[in-house]
Amino acid sequence: MSSEKDIYEIAALGTLFKRFYKPLRTYAFRFVNDTDLAEDIVQDTFFELWQRRDSIEFEGAVKSYLFKSVYNRSINVMHKKYQNKEYSLDDSNESDILEQYMSANILNSEQSLLLKELEAEINLFIDTLSPQCKKIFLLSRSYGLKNREIAEQLEISIKAVEKQISKALSGLKEHLIEEGLISLLILLSGIS
């Protein structure tokens, strides 16, 4: 029979998983360029968190721990992947190796440029928001605060927070449609 502590820990892990799984998967994908591998890395990270839940001491936020753990796992996976491959640069496979390397780097570079363009356009839109709406939107999206936390911090109602976030998201969607970037947003979110 599960104790109250176990139930709390399971619920806490579930909340963390729902909140950070997709961003962590996207983050891992940036390093490994493989969706399945990125998912494995994130799942392993959460599994380790569960296994070590009683012994881990967080120096900062759990978010920082999770991202650092995913980063380290991704780097280790890539290191092992390339360490285990034997490369003999004879004429038959030299061009294949170079082509694979260039393809992966070009894909990552293109995605990176597209993300930068999209991010720049989003930031331009955010700068057009009213000061209160901008503050609420950034607290929600950039700092990951919940509506209740924003409401408490700014001493306003949760409904006011929801209304401002909805207004910002609706305006952002219209702006991206006008700029022809909404399909880019959908494409890049589909990659993750």
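For residues that are under 20 Å from K146 (Cβ atoms) and assigned to a loop (DSSP other than H, G, I, E, B), scanning just segment 9-60, find the one that is farthest from the chain's Cα centre (by Cα).
F58
Within segment 31-48, which residues are open to solvent by less than 40 Å² (accessible area, probe 1.4 Å) and among the aliphatic types (A, V, I, L, M)?
Those that are open to solvent by less than 40 Å² (accessible area, probe 1.4 Å) and among the aliphatic types (A, V, I, L, M): V32, A38, I41, V42.
The values are calculated or read from the model by the stated rules, or taken from the named source; none is laboratory data. Please read all numbers here as calculations on a predicted model, not as lab measurements. No Cβ is skipped: glycine too gets one built from the backbone with ideal geometry, and neighbour counts run over all protein chains shown. Areas reflect the complete protein model, heavy atoms only, side chains present, ligands, DNA and RNA absent. Shrake-Rupley method; radii C 1.70, N 1.55, O 1.52, S 1.80 Å.
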